[in-house]
Structure formats: structure tokens, C-alpha cells
1. Using the Cα centre of the chain as origin and beta-carbon charges of +1 (Lys, Arg) and -1 (Asp, Glu), tell me which of GLY270, PRO68, ILE248 is placed farthest towards the positive end of the dipole.
2. Residue farthest toward the positive end of the dipole of the stretch 4-46, with Cβ of Lys/Arg at +1 and Asp/Glu at -1: which of TRP11, ALA27, SER37?
3. Can you give the relative contact order of the chain as a percent, counting alpha carbon pairs under 8 Å and 6+ residues apart?
4. Using the charge dipole of the chain (Lys, Arg: +1 at Cβ; Asp, Glu: -1 at Cβ; taken about the Cα centre), state which of PRO109, THR343, PHE329 has its Cα farthest towards the positive end.
5. Leaving out ligands, DNA and RNA but keeping every protein chain, what accessible area does GLU92 have, in Å² rounded to the nearest 10, with a 1.4 Å probe?
6. When the helices in the chain are scored as -39500 (n - 2.57) per DSSP H run of 4 or longer and the sum is shared across all residues, what 222 nm value do you end up with, to the nearest 500 deg cm²/dmol?
7. If R₀ is 25 angstrom, what is the calculated FRET efficiency for the pair ARG348 and GLU149, using the beta carbon separation as r and rounding to 0.05?
8. By average Cβ neighbour count within 10 Å, what is the ranking of 199-209, 348-358 from highest down?
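The values are calculated or read from the model by the stated rules, or taken from the named source; none is laboratory data. From a predicted model like this one, the values you see are computed outputs, not experimental measurements. For neighbour counting, all protein chains shown are included, and Cβ atoms are generated from backbone atoms with ideal geometry for every residue, glycine included. Protein only, heavy atoms only, side chains kept; ligands, DNA and RNA dropped before computing areas. Shrake-Rupley method; radii C 1.70, N 1.55, O 1.52, S 1.80 Å.
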Amino acid sequence: METHATLEREWAILLAACSLLSPGERAVRLRSLLNPSTDWNALFTLADHHGVQSLLQQALQDLSDCIPAEPMRRLNQSQRTQIHKAMLLSGELIRIVDSLSARGIDVIPHKGLALAEMAYGDVALRKTGDLDLLIRPQDLPCVRDAVRELGYTPHLALSPAEERAYLKSGYEYAFDGEAGPNLLELQWAIQPRFYAVDFDMAGLFARAVTFHVAGQPMRSLSPSDLLLVLSAHAAKHVWERLLWLCDIARLLHRKDLDWPLIGTQARMLGLVRILRVTMLAAHQLLGAPPPSQARDHLPEDPAAQPLLEEIRPHMLDGRVFRTESIAYFRLMIRLRERVRDRTRFLQRLIFTPGPGEWSVVRLPAPLFPLYRVVRLGRLAAKLAR
């Protein structure tokens, strides 16, 4: 991808299209940016990389007098494809949730279509590539068997000992479906254990709310919990996709956010700094200032702005952090405001084995603790590259 400096105008168009400006203000801003020198191919590539083609199409559809016919045709065709995919995924999500409900299994559709409905009020306005379901850890065997009967094939084949360990150290099972690979993900935690952000899954389920996908009532994380979950997810990926900030910017201004709960949970989980960096990014890039209640319930963090200034070039230039590099691990540590969370991150990172270690060497169950040594060796080798 070309750099931000090369695509300065195209970036400005994309940020304006995704911003929280009023429709009238957005149109004025976009008209001032669109001109015959606009690189439409670069703009569309940028929008595709950041998952915001639908927001771009929505913002430009009433400015056809400023846009050549061919780029507008491509943009509209892309949106029709997105609508078709959203409808197919909606039907599949309903089929899966109905089947699990009939078995008495409670699940929460997560991100994707659920987030599109909550943040945008339209499943076709947010790019969705797969289906994510939050489940209770103890329900994994039943849910896994149920989705197999629906035609889904798991990626992982774990022994009983490996599965017990993976339930503690990992967070998801990926499944292939008839419509494509990695179509379904079952998640019993929000992140891998080594990130040391230990969300209370029972609390998330207890606070879940009802919403609708294609007219079908389903459960979703509460907006307050979702704000914290999405901020942690964006930080894990160093905020590399604009879509994630768009989601958060729209959630920030919901009237039903429980800021006392958000503040309490952020302090308990050690996510104050991550939430502060995320809100600053949403404000500076998308014009979404933090609500006054956020200022009342979240401590200020003087490290947030310098961290955002360091991260922002990676966000805008498409420079992806190598997630098994020293630079990435250092950043993850600096994003945590408490020493104890930094320490837990390092300890878990070094000594928590997973499928990568189990695939390298097969140890009998009595020797399972030795996988920590395998983990340490593999991590050292990766960091030395």
C-alpha cells in the first residue's frame, strides 16, 4: 500500500467519509476534497484495506456530480456485493443460533453482524467476513458438536489434555463452512490469556442485551461492555484498521452507555490507557470527542497522547506490526498502566504454550508441563529473527 504522504488527499477523503460530521457538513467537506486529480483506484484500495467501503459509498452516493461515472459504478457494485453477503451471513447466523437455542445453549453473536446492527443500525454498512459467537467455556464440547452437524469443520484437532489446556490459554476455535474457510469462530474468552486482560465472561453474559438481525431477536454484548471489548481488540492489532475506530466512534455517542460501569471495569481490567488512546484516536481522526461522562469516570493518562502519536503513522501508512517481534511486545507492555499487568503479560507470554507448541512435538500427558520449555525455546527463536 502507498504511504500516507503519497495518498494525503485520498486519506482526507476517506476520513471525511467515515467521520461523525453531520450529513451536510460531511458533504461540504467532501466537495472541497474531490477533484479531477483524485486517485480513485488508490482510494478504493485504501477503503478496502480498512474495511470501510460501505461508509465511503454511503457518504458519496449523493455527490454524483463530483464523481466520474465509472468510479461511482464500481462503488455501487461493491455495496451490492456487501449487501448480498450480509444477507447470506444473516441467514446463516440465524440458522446456527436457532439450532443452539433448541439445544438450550446460550450464545452471544459478537462483532460482525451484531456490531453492525448496534453501531450502524444496518448490517450492510459494516464489512463482515465471518461469524463470531461468544460461548461459555463449559459449553464448548456441546457447541462444537452442534456446529459440526450443521456442516462446519474445525481447524484444530486436539487431544483431551490439549483441549483442557487450550480452554485456559486460548480463546477461540475456527471452523470452515460450505461458504468458505474461517466462516465461524467460537470464542470463550475475548483475547488469548497472555495479553493479561481477563474479562469476566459470566459478567458479559449477565449484562447482555437483546437486538435484532434480519428481524430475528438475538443477544449482544451490552454497549458498555462492547466499548471495552472493541478497544482491547483494536489495541491488540495496534489500531491498524480504520473500521475499528469507526465502530468505537459510533458507540461512544450512544446514550445508553453506563460510564460508571465502564470506568470501574476499565480500572479493574487495567484498560484505562488503552481506552484513552482509543478515544483520542476516534476524536483526532474521526471527529468524535469523548463524552463529558468519560472525562468524569476515566482517569486522565498523560502517556496516551504520546503513544497515539507513535502509533498513528502505522495506522495511516498501513505498516503492520509483526506480532511476534520485540517492538510489538514492548508496545503491548507500554499500553498497560499498571506494573502488575505488565508483569503478568510477560510471564504468560513466555510460559503459556498453545497449538503451535503442541504441533512441534507430541508429548504424553504426564509430560504435558514440559510444553512450557518448548514455548520458551520457540519464542526465543522467533525473537532472534
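1. Of the options given, the answer is GLY270.
2. ALA27
3. Once divided by the residue count of the chain, the mean separation gives 15 percent.
4. Among PRO109, THR343, PHE329, the one farthest towards the positive end of the dipole of the chain is THR343.
5. 40
6. Values: 19 runs with 222 residues, N = 385.
Counting only the DSSP helices, I get -18000 deg cm²/dmol.
7. Values: r = 35 Å, r/R0 = 1.40.
With a Förster radius of 25 Å, E is 0.10.
8. 348-358, 199-209
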